[in-house]
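The values are calculated or read from the model by the stated rules, or taken from the named source; none is laboratory data. Please read all numbers here as calculations on a predicted model, not as lab measurements. Note that we place each Cβ from the backbone using ideal geometry, even for glycine, and neighbour counts take in every protein chain shown. These area figures cover heavy atoms from the full protein model, side chains too; ligands, DNA and RNA do not enter into them. Shrake-Rupley method; radii C 1.70, N 1.55, O 1.52, S 1.80 Å.
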Amino acid sequence: MTSVPASPADPPAGASPRRGELAARLAAAMPGVRADLEALVRIPSVSLASFDAEQVRRSADAVVDLLRAEGLTARTVTVADGHPAVLAHRPGPPGAPRVLLYAHHDVQPPGEEADWLSAPFEPTERDGRLFARGAADDKAGIMAHVAALRILRDELDAGLDIDLRLLIEGEEEVGSDSLPAILAEHAQELDCDAIVLADSANWAVGTPALTTTLRGNVRVVVTVTALRHGVHSGMFGGAAPDALTALCRLMATLHTPDGTVAVRGLTSDTASDLDYPEDAFRADSGMPPDAPLIGSGSVVSRIWSQPAITVIGIDAPAVDAAANLLLPRAWAKISARLAPSQDWRSAFEALRAHLLANAPWGTSVEVTLEDHGNGFVAATSGPYVDAARDAFAAAWGTDPVDVGIGGSIPFIAEFADRFPGAAILVTGVEDPDTRAHGANEGLHLGEFERVCLAEALMLDRIGRMRTSQAESASSSPGSDPAAGDG
(Lines give C-alpha, C1' and ligand atoms only; values in the text may rest on other atoms or scores of the structure.)
Protein backbone atom coordinates (compact mmCIF):
# COMPACT_ATOMS: atom_id res chain seq x y z
CA MET A 1 0.00 0.00 0.00
CA THR A 2 2.86 2.40 0.70
CA SER A 3 4.41 4.44 -2.10
CA VAL A 4 7.16 7.04 -2.10
CA PRO A 5 5.67 10.50 -2.68
CA ALA A 6 7.30 13.49 -4.24
CA SER A 7 8.22 16.41 -2.03
CA PRO A 8 5.48 19.05 -1.72
CA ALA A 9 7.99 21.52 -3.14
CA ASP A 10 8.37 19.48 -6.35
CA PRO A 11 5.28 20.07 -8.54
CA PRO A 12 4.02 17.03 -10.47
CA ALA A 13 3.75 17.21 -14.22
CA GLY A 14 0.73 19.23 -15.29
CA ALA A 15 0.13 20.76 -11.85
CA SER A 16 -1.45 24.19 -11.57
CA PRO A 17 1.04 27.07 -11.38
CA ARG A 18 -0.69 28.03 -8.13
CA ARG A 19 0.72 24.86 -6.61
CA GLY A 20 4.31 26.00 -6.83
CA GLU A 21 3.56 29.40 -5.34
CA LEU A 22 1.52 28.03 -2.45
CA ALA A 23 3.99 25.19 -1.81
CA ALA A 24 6.79 27.73 -1.48
CA ARG A 25 4.75 29.76 0.99
CA LEU A 26 3.92 26.62 2.95
CA ALA A 27 7.57 25.56 3.14
CA ALA A 28 8.38 28.93 4.71
CA ALA A 29 5.42 28.68 7.09
CA MET A 30 5.87 25.06 8.23
CA PRO A 31 8.28 25.71 11.12
CA GLY A 32 5.72 28.05 12.68
CA VAL A 33 2.85 25.67 11.91
CA ARG A 34 4.70 22.82 13.58
CA ALA A 35 5.58 24.94 16.62
CA ASP A 36 1.91 25.91 17.02
CA LEU A 37 0.86 22.27 16.66
CA GLU A 38 3.32 21.17 19.33
CA ALA A 39 2.11 23.89 21.72
CA LEU A 40 -1.48 22.77 21.18
CA VAL A 41 -0.59 19.12 21.71
CA ARG A 42 1.06 19.91 25.06
CA ILE A 43 -2.36 20.85 26.45
CA PRO A 44 -3.84 17.54 27.73
CA SER A 45 -7.39 18.25 26.56
CA VAL A 46 -8.93 14.87 27.40
CA SER A 47 -12.70 15.32 27.35
CA LEU A 48 -13.70 12.29 29.45
CA ALA A 49 -15.52 13.26 32.62
CA SER A 50 -12.82 11.79 34.87
CA PHE A 51 -10.18 14.21 33.51
CA ASP A 52 -9.58 17.90 34.19
CA ALA A 53 -12.14 19.92 32.23
CA GLU A 54 -9.99 23.05 32.62
CA GLN A 55 -7.47 21.57 30.17
CA VAL A 56 -10.18 21.33 27.51
CA ARG A 57 -11.00 24.99 28.11
CA ARG A 58 -7.32 25.90 27.82
CA SER A 59 -7.23 24.07 24.50
CA ALA A 60 -10.30 25.91 23.22
CA ASP A 61 -8.81 29.27 24.23
CA ALA A 62 -5.57 28.39 22.43
CA VAL A 63 -7.52 27.63 19.26
CA VAL A 64 -9.34 30.96 19.53
CA ASP A 65 -5.98 32.73 19.75
CA LEU A 66 -4.66 30.86 16.67
CA LEU A 67 -7.69 31.80 14.58
CA ARG A 68 -7.79 35.41 15.68
CA ALA A 69 -4.14 35.70 14.67
CA GLU A 70 -5.20 34.72 11.12
CA GLY A 71 -7.75 37.53 10.94
CA LEU A 72 -10.90 35.64 11.93
CA THR A 73 -13.44 36.58 14.54
CA ALA A 74 -13.44 33.67 16.99
CA ARG A 75 -15.07 32.77 20.29
CA THR A 76 -15.89 29.77 22.46
CA VAL A 77 -19.46 28.49 22.91
CA THR A 78 -20.82 25.92 25.35
CA VAL A 79 -24.05 24.04 25.82
CA ALA A 80 -25.12 23.52 29.44
CA ASP A 81 -22.13 21.98 31.24
CA GLY A 82 -20.50 20.66 28.08
CA HIS A 83 -16.97 21.32 26.91
CA PRO A 84 -16.33 24.48 24.85
CA ALA A 85 -16.36 24.49 21.07
CA VAL A 86 -14.84 27.26 18.97
CA LEU A 87 -16.77 29.19 16.32
CA ALA A 88 -14.92 31.46 13.91
CA HIS A 89 -15.70 33.43 10.77
CA ARG A 90 -13.89 35.24 7.99
CA PRO A 91 -16.58 36.82 5.75
CA GLY A 92 -16.18 36.93 2.02
CA PRO A 93 -17.71 39.07 -0.73
CA PRO A 94 -21.50 38.98 -1.12
CA GLY A 95 -22.67 35.68 -2.60
CA ALA A 96 -19.29 34.00 -2.12
CA PRO A 97 -19.22 30.22 -1.61
CA ARG A 98 -19.61 29.47 2.09
CA VAL A 99 -17.21 26.82 3.35
CA LEU A 100 -17.31 25.40 6.87
CA LEU A 101 -14.08 23.91 8.23
CA TYR A 102 -14.43 21.35 11.04
CA ALA A 103 -11.97 19.68 13.40
CA HIS A 104 -11.93 18.88 17.13
CA HIS A 105 -9.55 19.93 19.89
CA ASP A 106 -10.37 17.29 22.50
CA VAL A 107 -8.35 14.08 22.66
CA GLN A 108 -8.50 10.54 23.96
CA PRO A 109 -6.93 9.58 27.31
CA PRO A 110 -3.27 8.60 27.00
CA GLY A 111 -3.71 5.15 28.54
CA GLU A 112 -0.78 3.54 30.30
CA GLU A 113 2.20 5.88 30.08
CA ALA A 114 4.51 2.85 30.23
CA ASP A 115 3.20 1.83 26.78
CA TRP A 116 4.53 5.06 25.24
CA LEU A 117 8.08 5.40 23.99
CA SER A 118 7.98 9.11 24.92
CA ALA A 119 5.72 11.16 27.19
CA PRO A 120 2.21 11.22 25.67
CA PHE A 121 1.80 14.99 25.86
CA GLU A 122 5.36 15.93 24.95
CA PRO A 123 5.58 15.88 21.12
CA THR A 124 8.66 13.93 20.05
CA GLU A 125 9.93 13.30 16.52
CA ARG A 126 11.18 9.85 15.51
CA ASP A 127 11.71 8.63 11.95
CA GLY A 128 9.68 11.40 10.34
CA ARG A 129 6.72 11.13 12.71
CA LEU A 130 5.64 13.39 15.53
CA PHE A 131 4.46 11.26 18.45
CA ALA A 132 1.98 12.53 21.05
CA ARG A 133 -1.65 12.13 22.01
CA GLY A 134 -3.64 14.35 19.68
CA ALA A 135 -0.73 14.99 17.33
CA ALA A 136 -2.83 13.44 14.56
CA ASP A 137 -6.32 13.04 16.04
CA ASP A 138 -7.22 15.81 15.67
CA LYS A 139 -5.00 18.74 16.49
CA ALA A 140 -3.23 18.28 13.18
CA GLY A 141 -6.65 18.71 11.59
CA ILE A 142 -6.98 22.08 13.32
CA MET A 143 -3.51 23.11 12.21
CA ALA A 144 -4.21 22.06 8.59
CA HIS A 145 -7.03 24.62 8.62
CA VAL A 146 -4.78 27.23 10.24
CA ALA A 147 -1.95 26.55 7.79
CA ALA A 148 -4.25 26.96 4.79
CA LEU A 149 -5.55 30.26 6.17
CA ARG A 150 -2.01 31.39 6.90
CA ILE A 151 -0.62 30.83 3.41
CA LEU A 152 -3.74 32.29 1.75
CA ARG A 153 -3.67 35.41 3.92
CA ASP A 154 -2.78 37.75 1.05
CA GLU A 155 -5.59 36.42 -1.16
CA LEU A 156 -8.10 36.56 1.69
CA ASP A 157 -7.10 40.13 2.53
CA ALA A 158 -7.50 41.02 -1.14
CA GLY A 159 -11.07 39.67 -1.18
CA LEU A 160 -10.77 36.05 -2.32
CA ASP A 161 -14.30 34.95 -3.22
CA ILE A 162 -14.89 32.62 -0.29
CA ASP A 163 -16.72 32.94 3.01
CA LEU A 164 -15.02 30.83 5.70
CA ARG A 165 -16.68 29.52 8.85
CA LEU A 166 -15.00 27.23 11.38
CA LEU A 167 -16.30 24.88 14.04
CA ILE A 168 -13.67 23.28 16.26
CA GLU A 169 -15.50 20.90 18.56
CA GLY A 170 -14.53 19.98 22.14
CA GLU A 171 -16.51 16.77 22.68
CA GLU A 172 -15.91 14.60 19.64
CA GLU A 173 -14.06 11.94 21.62
CA VAL A 174 -16.96 11.54 24.05
CA GLY A 175 -19.82 11.37 21.57
CA SER A 176 -20.42 15.00 20.51
CA ASP A 177 -23.32 15.39 22.93
CA SER A 178 -23.40 19.18 22.55
CA LEU A 179 -23.10 19.19 18.76
CA PRO A 180 -26.81 18.96 17.83
CA ALA A 181 -27.60 21.93 20.06
CA ILE A 182 -24.62 23.93 18.72
CA LEU A 183 -25.71 23.28 15.13
CA ALA A 184 -29.28 24.27 15.97
CA GLU A 185 -28.44 27.39 18.00
CA HIS A 186 -25.84 28.67 15.54
CA ALA A 187 -27.34 27.36 12.32
CA GLN A 188 -27.28 30.69 10.52
CA GLU A 189 -23.58 31.35 11.07
CA LEU A 190 -22.66 27.74 10.30
CA ASP A 191 -24.89 27.35 7.22
CA CYS A 192 -22.71 26.57 4.24
CA ASP A 193 -22.34 25.29 0.70
CA ALA A 194 -19.53 22.87 1.55
CA ILE A 195 -18.12 21.32 4.71
CA VAL A 196 -14.51 20.16 5.09
CA LEU A 197 -14.31 17.68 7.96
CA ALA A 198 -10.66 17.09 8.81
CA ASP A 199 -10.96 13.98 10.99
CA SER A 200 -10.33 10.99 8.77
CA ALA A 201 -7.42 9.18 7.11
CA ASN A 202 -5.60 8.74 3.83
CA TRP A 203 -5.26 5.40 2.09
CA ALA A 204 -1.50 5.14 2.63
CA VAL A 205 1.57 7.29 3.00
CA GLY A 206 1.82 8.83 -0.46
CA THR A 207 -1.79 8.11 -1.50
CA PRO A 208 -4.45 10.67 -0.55
CA ALA A 209 -8.08 9.78 -0.03
CA LEU A 210 -11.54 11.21 0.29
CA THR A 211 -13.75 9.33 2.73
CA THR A 212 -17.04 8.61 1.00
CA THR A 213 -18.65 6.09 3.38
CA LEU A 214 -18.72 5.57 7.13
CA ARG A 215 -20.27 2.75 9.08
CA GLY A 216 -22.94 3.47 11.67
CA ASN A 217 -22.89 2.11 15.19
CA VAL A 218 -24.97 0.69 18.00
CA ARG A 219 -23.51 0.07 21.46
CA VAL A 220 -25.43 -1.92 24.06
CA VAL A 221 -24.98 -3.34 27.55
CA VAL A 222 -26.23 -6.91 28.00
CA THR A 223 -27.22 -8.21 31.44
CA VAL A 224 -27.63 -11.96 31.97
CA THR A 225 -29.37 -13.06 35.18
CA ALA A 226 -29.21 -16.74 36.11
CA LEU A 227 -29.87 -16.93 39.89
CA ARG A 228 -31.29 -14.86 42.71
CA HIS A 229 -27.93 -15.06 44.50
CA GLY A 230 -24.55 -16.69 44.12
CA VAL A 231 -24.09 -20.30 45.25
CA HIS A 232 -21.20 -22.74 45.78
CA SER A 233 -19.98 -24.05 42.42
CA GLY A 234 -19.21 -27.50 43.81
CA MET A 235 -22.55 -28.02 45.54
CA PHE A 236 -24.77 -26.60 42.77
CA GLY A 237 -22.64 -26.63 39.62
CA GLY A 238 -23.75 -29.08 36.95
CA ALA A 239 -27.46 -28.47 37.48
CA ALA A 240 -27.73 -24.74 38.16
CA PRO A 241 -26.50 -22.27 35.49
CA ASP A 242 -23.71 -19.76 36.02
CA ALA A 243 -24.42 -16.27 34.66
CA LEU A 244 -20.89 -15.64 33.37
CA THR A 245 -20.76 -18.95 31.53
CA ALA A 246 -24.21 -18.27 30.07
CA LEU A 247 -23.03 -14.83 29.00
CA CYS A 248 -20.05 -16.36 27.20
CA ARG A 249 -22.35 -18.78 25.36
CA LEU A 250 -24.64 -15.91 24.38
CA MET A 251 -21.73 -13.84 23.05
CA ALA A 252 -20.59 -16.81 20.98
CA THR A 253 -23.91 -16.80 19.08
CA LEU A 254 -23.09 -13.41 17.53
CA HIS A 255 -20.75 -14.95 14.93
CA THR A 256 -20.55 -18.02 12.73
CA PRO A 257 -17.45 -20.24 13.15
CA ASP A 258 -15.51 -18.24 10.51
CA GLY A 259 -16.25 -14.92 12.25
CA THR A 260 -19.09 -13.70 10.03
CA VAL A 261 -21.77 -11.75 11.92
CA ALA A 262 -24.71 -14.09 12.58
CA VAL A 263 -27.38 -11.54 13.56
CA ARG A 264 -30.28 -11.63 11.13
CA GLY A 265 -31.45 -8.17 10.11
CA LEU A 266 -28.02 -6.54 9.99
CA THR A 267 -27.45 -5.60 6.37
CA SER A 268 -24.42 -5.19 4.08
CA ASP A 269 -23.77 -2.61 1.37
CA THR A 270 -22.06 -2.97 -2.00
CA ALA A 271 -18.33 -3.28 -1.54
CA SER A 272 -15.71 -0.96 -2.99
CA ASP A 273 -13.44 -2.52 -5.62
CA LEU A 274 -10.34 -1.00 -3.99
CA ASP A 275 -7.75 -3.71 -3.29
CA TYR A 276 -6.40 -4.06 0.23
CA PRO A 277 -4.01 -7.05 0.15
CA GLU A 278 -4.46 -9.44 3.06
CA ASP A 279 -0.77 -9.37 4.00
CA ALA A 280 -0.88 -5.56 4.15
CA PHE A 281 -3.98 -5.70 6.32
CA ARG A 282 -2.32 -8.16 8.69
CA ALA A 283 0.68 -5.87 9.02
CA ASP A 284 -1.43 -2.73 9.51
CA SER A 285 -3.68 -4.37 12.12
CA GLY A 286 -0.91 -6.15 14.04
CA MET A 287 -2.12 -9.67 13.20
CA PRO A 288 0.32 -12.59 13.02
CA PRO A 289 1.52 -12.95 9.40
CA ASP A 290 -0.09 -16.38 8.86
CA ALA A 291 -3.33 -15.88 10.78
CA PRO A 292 -6.58 -16.19 8.80
CA LEU A 293 -8.83 -13.15 8.55
CA ILE A 294 -12.30 -13.55 10.02
CA GLY A 295 -15.44 -13.12 7.93
CA SER A 296 -15.79 -13.39 4.17
CA GLY A 297 -15.60 -11.19 1.10
CA SER A 298 -12.94 -8.67 0.14
CA VAL A 299 -10.97 -7.00 2.92
CA VAL A 300 -12.51 -3.57 2.30
CA SER A 301 -16.03 -5.03 2.25
CA ARG A 302 -15.42 -6.60 5.66
CA ILE A 303 -14.16 -3.38 7.23
CA TRP A 304 -16.24 -0.77 5.36
CA SER A 305 -19.55 -2.15 4.10
CA GLN A 306 -20.40 -5.18 6.25
CA PRO A 307 -21.53 -5.19 9.89
CA ALA A 308 -19.02 -6.08 12.60
CA ILE A 309 -19.67 -6.96 16.23
CA THR A 310 -17.14 -6.81 19.07
CA VAL A 311 -17.50 -7.62 22.76
CA ILE A 312 -15.59 -4.64 24.14
CA GLY A 313 -16.09 -5.24 27.87
CA ILE A 314 -17.19 -7.84 30.41
CA ASP A 315 -17.82 -7.34 34.11
CA ALA A 316 -16.43 -10.46 35.80
CA PRO A 317 -14.42 -11.30 38.90
CA ALA A 318 -10.69 -10.72 38.49
CA VAL A 319 -8.71 -13.93 38.04
CA ASP A 320 -6.68 -13.40 41.20
CA ALA A 321 -9.81 -12.69 43.25
CA ALA A 322 -12.27 -15.24 41.83
CA ALA A 323 -14.26 -17.43 44.21
CA ASN A 324 -15.62 -20.91 43.50
CA LEU A 325 -19.06 -19.46 42.89
CA LEU A 326 -21.90 -19.65 40.42
CA LEU A 327 -22.52 -15.98 39.64
CA PRO A 328 -26.09 -14.70 39.72
CA ARG A 329 -25.51 -11.95 37.11
CA ALA A 330 -22.98 -10.98 34.46
CA TRP A 331 -22.64 -8.03 32.09
CA ALA A 332 -21.08 -7.37 28.69
CA LYS A 333 -20.79 -4.33 26.45
CA ILE A 334 -21.19 -4.93 22.71
CA SER A 335 -20.13 -2.56 19.92
CA ALA A 336 -21.85 -3.18 16.58
CA ARG A 337 -20.65 -1.40 13.43
CA LEU A 338 -23.31 -1.09 10.77
CA ALA A 339 -23.39 -0.92 6.98
CA PRO A 340 -23.31 2.76 5.96
CA SER A 341 -26.89 2.75 4.70
CA GLN A 342 -28.55 0.90 7.61
CA ASP A 343 -30.60 2.94 10.07
CA TRP A 344 -29.37 2.41 13.62
CA ARG A 345 -32.92 1.76 14.93
CA SER A 346 -33.47 -1.30 12.77
CA ALA A 347 -29.99 -2.55 13.68
CA PHE A 348 -30.64 -2.15 17.39
CA GLU A 349 -33.92 -4.05 17.14
CA ALA A 350 -32.21 -6.85 15.19
CA LEU A 351 -29.39 -7.13 17.73
CA ARG A 352 -31.79 -7.01 20.68
CA ALA A 353 -34.04 -9.66 19.14
CA HIS A 354 -31.06 -11.96 18.53
CA LEU A 355 -29.80 -11.65 22.10
CA LEU A 356 -33.21 -12.27 23.64
CA ALA A 357 -33.90 -15.24 21.36
CA ASN A 358 -30.59 -16.89 22.21
CA ALA A 359 -30.70 -16.60 26.00
CA PRO A 360 -29.17 -19.90 27.19
CA TRP A 361 -30.42 -22.26 29.91
CA GLY A 362 -33.52 -20.26 30.84
CA THR A 363 -31.54 -17.21 31.89
CA SER A 364 -33.01 -13.72 31.72
CA VAL A 365 -31.40 -11.30 29.24
CA GLU A 366 -31.77 -7.52 29.28
CA VAL A 367 -30.40 -5.28 26.50
CA THR A 368 -29.84 -1.58 27.19
CA LEU A 369 -28.99 0.88 24.42
CA GLU A 370 -25.96 2.99 25.35
CA ASP A 371 -24.97 4.78 22.13
CA HIS A 372 -25.98 4.93 18.49
CA GLY A 373 -25.34 6.72 15.22
CA ASN A 374 -26.16 6.39 11.56
CA GLY A 375 -23.56 5.84 8.90
CA PHE A 376 -22.84 8.13 5.99
CA VAL A 377 -22.67 7.91 2.20
CA ALA A 378 -21.21 10.99 0.49
CA ALA A 379 -21.78 12.40 -2.96
CA THR A 380 -18.78 11.63 -5.15
CA SER A 381 -19.19 14.38 -7.75
CA GLY A 382 -19.89 18.09 -7.96
CA PRO A 383 -17.82 21.29 -8.08
CA TYR A 384 -16.62 21.11 -4.47
CA VAL A 385 -15.70 17.44 -4.75
CA ASP A 386 -13.88 18.21 -8.01
CA ALA A 387 -11.97 21.02 -6.29
CA ALA A 388 -10.91 18.64 -3.53
CA ARG A 389 -9.83 15.90 -5.96
CA ASP A 390 -7.78 18.32 -8.05
CA ALA A 391 -6.13 19.80 -4.95
CA PHE A 392 -5.22 16.38 -3.59
CA ALA A 393 -3.80 15.27 -6.93
CA ALA A 394 -1.69 18.43 -7.12
CA ALA A 395 -0.42 18.17 -3.55
CA TRP A 396 0.54 14.49 -3.70
CA GLY A 397 1.32 14.11 -7.37
CA THR A 398 -1.14 11.22 -7.63
CA ASP A 399 -4.92 10.98 -7.87
CA PRO A 400 -6.84 10.46 -4.62
CA VAL A 401 -8.86 7.31 -4.03
CA ASP A 402 -12.32 7.04 -2.52
CA VAL A 403 -12.27 5.09 0.73
CA GLY A 404 -14.65 3.98 3.41
CA ILE A 405 -13.98 4.09 7.10
CA GLY A 406 -14.96 1.16 9.27
CA GLY A 407 -15.30 3.33 12.32
CA SER A 408 -18.29 5.51 13.04
CA ILE A 409 -18.30 9.30 13.09
CA PRO A 410 -21.90 10.14 14.01
CA PHE A 411 -21.31 13.90 13.93
CA ILE A 412 -21.00 13.71 10.13
CA ALA A 413 -24.60 12.49 9.92
CA GLU A 414 -25.54 15.44 12.16
CA PHE A 415 -24.00 17.84 9.62
CA ALA A 416 -25.72 16.06 6.73
CA ASP A 417 -29.10 16.33 8.47
CA ARG A 418 -28.64 19.97 9.45
CA PHE A 419 -27.22 21.17 6.09
CA PRO A 420 -28.70 18.80 3.49
CA GLY A 421 -27.65 20.94 0.52
CA ALA A 422 -23.99 21.16 1.48
CA ALA A 423 -21.24 19.10 -0.15
CA ILE A 424 -19.50 17.11 2.60
CA LEU A 425 -15.76 16.55 2.11
CA VAL A 426 -14.28 14.16 4.67
CA THR A 427 -10.51 14.51 4.74
CA GLY A 428 -7.81 13.87 7.31
CA VAL A 429 -4.17 13.58 8.28
CA GLU A 430 -3.99 9.96 9.44
CA ASP A 431 -2.50 6.92 7.70
CA PRO A 432 -2.65 3.19 8.52
CA ASP A 433 0.17 3.50 11.08
CA THR A 434 -1.10 6.59 12.92
CA ARG A 435 -2.38 4.51 15.89
CA ALA A 436 -5.00 7.05 16.86
CA HIS A 437 -6.49 6.33 20.31
CA GLY A 438 -3.59 3.98 21.07
CA ALA A 439 -0.16 4.37 22.60
CA ASN A 440 2.43 6.06 20.40
CA GLU A 441 -0.06 7.96 18.25
CA GLY A 442 2.02 9.52 15.51
CA LEU A 443 1.64 12.11 12.75
CA HIS A 444 3.60 11.52 9.53
CA LEU A 445 5.14 14.95 9.04
CA GLY A 446 5.55 14.65 5.27
CA GLU A 447 1.89 13.72 4.86
CA PHE A 448 0.86 16.53 7.18
CA GLU A 449 2.59 19.05 4.92
CA ARG A 450 0.74 17.64 1.90
CA VAL A 451 -2.57 17.86 3.76
CA CYS A 452 -1.90 21.54 4.49
CA LEU A 453 -0.99 22.23 0.87
CA ALA A 454 -4.02 20.34 -0.44
CA GLU A 455 -6.40 22.33 1.75
CA ALA A 456 -4.87 25.64 0.66
CA LEU A 457 -5.12 24.63 -3.01
CA MET A 458 -8.73 23.52 -2.53
CA LEU A 459 -9.81 26.74 -0.80
CA ASP A 460 -7.96 28.79 -3.41
CA ARG A 461 -9.75 26.96 -6.22
CA ILE A 462 -13.15 27.32 -4.52
CA GLY A 463 -12.45 31.02 -4.08
CA ARG A 464 -11.91 31.37 -7.83
CA MET A 465 -14.83 29.20 -8.98
CA ARG A 466 -17.24 32.02 -9.80
CA THR A 467 -14.57 33.84 -11.80
CA SER A 468 -13.69 30.66 -13.69
CA GLN A 469 -17.33 29.91 -14.40
CA ALA A 470 -17.91 33.44 -15.69
CA GLU A 471 -14.84 33.26 -17.93
CA SER A 472 -15.94 29.88 -19.23
CA ALA A 473 -19.44 31.15 -19.98
CA SER A 474 -18.16 34.27 -21.74
CA SER A 475 -15.85 32.24 -23.98
CA SER A 476 -18.35 29.51 -24.86
CA PRO A 477 -19.50 29.26 -28.49
CA GLY A 478 -22.26 31.73 -29.32
CA SER A 479 -21.65 33.96 -26.31
CA ASP A 480 -21.14 37.68 -26.71
CA PRO A 481 -19.10 39.06 -23.77
CA ALA A 482 -19.98 42.62 -24.84
CA ALA A 483 -23.71 42.05 -24.90
CA GLY A 484 -25.81 43.75 -22.22
CA ASP A 485 -28.92 42.49 -20.48
CA GLY A 486 -31.10 43.66 -23.32
Bounding extents of the range 173-240 in its principal axis frame from Cα atoms, largest first in Å, are 69, 40, 16
Once the convex hull of the C-alpha atoms of the range 227-382 is built, how many Å³ does it hold per residue, rounded to a whole number? 158 Å³
Relative contact order of the chain, pairs being alpha-carbon contacts under 8 Å that are 6 or more residues apart, as %: 24 percent
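Given Cα pairs under 8 Å that are at least 6 residues apart, what percent is the relative contact order of the range 107-199?
23 percent
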If you take all C-alpha pairs in the range 389-442, what percent of them are over 16 Å apart? 60 percent
Per residue value of the accessible surface for the chain (all protein chains in place, 1.4 Å probe), Å²: 44 Å²
Cα-based Rg then Dmax for the range 30-74, in Å, read 11.8, 36
The range 61-67 - phi-based ³J(HN,Hα) in whole Hz, Karplus 6.51/-1.76/1.60, Gly and Pro as x: 5, 5, 5, 4, 4, 4, 6
With -39,500 (n - 2.57) per DSSP H segment of 4 or more residues and division by the full residue count of the chain, the 222 nm estimate, nearest 500 deg cm²/dmol, is -10000 deg cm²/dmol
Given Cβ charges of +1 for Lys and Arg and -1 for Asp and Glu, the option among Ala252, Ile294, Pro307 whose Cα lies farthest towards the positive end of the dipole of the range 219-333 is Ala252
Counting only protein heavy atoms and a 1.4 Å probe, tell me what percentage of the range 319-441's accessible area is made up of carbon and sulfur. 48 percent
Roughly how large, in nm² to one decimal, is the mean projection of the convex hull of the alpha-carbon atoms in the range 18-127? 9.9 nm²
Could you give the radius of gyration (one decimal) and Dmax (whole number) of the Cα atoms in the range 293-347, in Å? 16.8, 47
The percentage of Cα-Cα pairs in the range 341-381 separated by more than 17 Å is 47 percent
Roll a 1.4 angstrom probe over the protein heavy atoms and tell me the percent of accessible area of the range 238-289 that is carbon or sulfur. 55 percent
Once you sort the root eigenvalues of the Cα gyration tensor of the range 132-201 as a ≥ b ≥ c, which label holds: rounded (a/c under 1.5), prolate (a/b larger than b/c) or oblate (the other case)? oblate
How large, in percent, is the carbon and sulfur part of the accessible surface of the range 166-221 at a probe radius of 1.4 Å? 43 percent
Given H placed 1.01 Å from N in the peptide plane, which residues other than close sequence neighbours of Gly428 have an amide H under 5 Å from its amide H? Ser200
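Based on the alpha-carbon set only, what is the convex hull volume of the range 310-459 divided per residue, in Å³?
For the range 310-459, the hull spanned by Cα atoms encloses 154 Å³ per residue.
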Quick one: which residues, 5 or more positions from Val46 or on another chain, have an amide H under 5 Å from its amide H? H modelled 1.01 Å from N in the peptide plane, none for Pro or chain starts. Val107
With a cut-off of at most 16 other beta carbons within 10 Å, and DSSP calling the residue loop, which trypsin sites (Lys or Arg not before Pro) in the range 231-337 qualify? Please list them. Arg264
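Just to check, using Stokes-Einstein with a Kirkwood Rh over alpha carbon pairs, what's the diffusion coefficient of the range 38-102 at 20 °C and 1.002 mPa s in µm²/s?
The diffusion coefficient I find is 162 µm²/s.
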Of all trypsin sites (Lys or Arg not before Pro) in the range 139-241, the ones in DSSP coil with at most 16 other Cβ atoms within 10 Å are Arg228
Chymotrypsin sites (Phe, Trp or Tyr not before Pro) within the range 261-346, DSSP loop, no more than 16 other Cβ atoms inside 10 Å: none
With only alpha-carbon atoms counted, please give the Rg and Dmax of the range 242-320, in Å. 15.5, 49
Its Cα gyration tensor gives the range 57-200 an equivalent ellipsoid whose semi-axes in whole Å, largest first, are 28, 19, 12
Grab every C-alpha pair in the range 298-384, bin the distances at 10 angstrom width from 0 up to the longest one, and report whole percents. 13, 34, 28, 16, 6, 2, 1
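Given a Förster distance of 25 Å, report the FRET efficiency between Val231 and Ala262 from their Cβ-Cβ distance, rounded to the nearest 0.05.
0.20
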In square nanometres, what is one fourth of the surface area of the convex hull spanned by the alpha carbons of the chain? 27.4 nm²
Just name one of Gly230, Pro208, Ala27: the one whose Cα is farthest towards the positive end of the charge dipole of the chain (beta-carbon charges, Lys/Arg +1, Asp/Glu -1). Gly230
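Let me know the Kirkwood hydrodynamic radius for the range 204-253, please, with Cα pairs as the basis and the value in Å to one decimal.
Evaluated on the range 204-253, it is 15.2 Å.
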